Amino acid sequence: MLKVGVTGGIGSGKSAVSKRLAELGAYVFDADWEAKKILDENETVQEQLIQEFGTDIQNPDGTINRKKLARKGFSNEENQAILNAIIHPFVFDAIDEVYEKLKKTKKHPIFVVDAALIYESGLDQHLDYVITVIAQYGLRLKRAMSRSNLTREEVVKRMDLQLPDNTKVQMADFIIDNNESEEKLYKQVDEVFHQLA
């Protein structure tokens, strides 16, 4: 079972690509969802984050307030690196665990890791292939603002902290252009899937 990463900047449409791959028979591991789960459930992670970013990232009941953490964690490169260094090892372990379980079932031809920071985290070193989804800056901004409750400023800040598209394109095994219709997007995804599967 191939291990394939799907990445792209915020608003590029990587989730749409992963959704299509799942429809075609791939298993999709949502790294962002897993990171949120770890944040909510893992006490070691919570303690480390409070140590690094202070008690003002906590809710009154002691749990981590994701919005406050995001504000701190995505305020600059150093904070983002700290946040990622705490959470990513646990996400990597979860990826390996799920992959090993699924490999035995032989149910899926491809194991997809949907993650925004594949290159930034070094995860690409553990994958067979990486698919990078690209879209124009303005379009990404519009999409990201319409589907999240982030302000324009917050979206721009996150975009600026991610590797630029041209760097990801140079490193990618497959590039999917998501500047046009869903139909055109799916056609590209289908082609990549059939090449891999």
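The values are calculated or read from the model by the stated rules, or taken from the named source; none is laboratory data. Everything numeric here is computed off the predicted structure, so don't read it as measured data. Please note: Cβ atoms are built from the backbone with ideal geometry, for glycine as well, and neighbour counts cover all protein chains shown.
As a summary of the residue check, GLY9 satisfies the conditions (1) under 29 Å from VAL156 (Cβ atoms); (2) not in a loop (DSSP other than H, G, I, E, B) except for the one numbered (2).
Contact map, the stretch 166-184: residues that are modelled with pLDDT of 95 or more paired with residues that are surrounded by fewer than 15 Cβ atoms within 10 Å (Cβ to Cβ), Cβ distance under 6 Å, separation 6+ or inter-chain. Pairs shown: ILE175/VAL169; ASN179/GLN136. Of all positions in the stretch 43-57, at least one carries a residue that is modelled with pLDDT under 95 and in contact with a helix residue (DSSP H, G or I) (Cβ under 7 Å, 6 or more places away or on another chain).
Scanning the stretch 59-81 for any residue that is surrounded by 14 or more Cβ atoms within 10 Å (Cβ to Cβ), out of contact with any strand residue (DSSP E or B) (no Cβ under 6 Å at 6 or more places or on another chain) and under 30 Å from GLU191 (Cα atoms) turns up nothing.
Would you point out which residue out of ALA35, ALA115 is within 22 Å of ALA16 (Cα to Cα), in contact with a strand residue (DSSP E or B) (Cβ under 9 Å, 6 or more places away or on another chain) and either among the β-branched types (Val, Ile, Thr) or surrounded by 15 or more Cβ atoms within 10 Å (Cβ to Cβ) (or both)?
On the way: ALA35 fails: in contact with a strand residue (DSSP E or B) (Cβ under 9 Å, 6 or more places away or on another chain).
Residue meeting the stated conditions: ALA115.
For LYS168, all conditions in the list (1) crowded, with 16+ Cβ neighbours inside 10 Å; (2) in contact with a strand residue (DSSP E or B) (Cβ under 8 Å, 6 or more places away or on another chain); (3) of a type outside the set (Val, Ile, Thr); (4) farther than 22 Å from TYR186 by Cβ hold save one; what is the number of the exception? LYS168 satisfies every listed condition except (4). Within the option set ILE87, ILE95, being farther than 27 Å from ASP190 by Cα, surrounded by 13 or more Cβ atoms within 10 Å (Cβ to Cβ) and modelled with pLDDT of 95 or more holds for one residue only, ILE87.
Looking across the stretch 40-78, not a single residue is within 21 Å of LEU150 (Cβ to Cβ), of a type in the set (S, T, N, Q) and assigned to a helix (DSSP H, G or I). Across the stretch 14-27, a minimum of one residue is classified as farther than 26 Å from SER146 by Cα, buried (at least 16 other Cβ atoms within 10 Å of the Cβ), in contact with a Phe, Trp or Tyr (Cβ under 8 Å, 6 or more places away or on another chain) and small (Gly, Ala, Ser).
In the set ALA94, ALA81, which member is under 17 Å from HIS126 (Cα atoms) and either within 14 Å of the chain's Cα centre (by Cα) or in a helix (DSSP H, G or I) (or both)? Spell out the reasoning first.
On the way: ALA81 fails: under 17 Å from HIS126 (Cα atoms).
One residue alone meets the criteria, ALA94.
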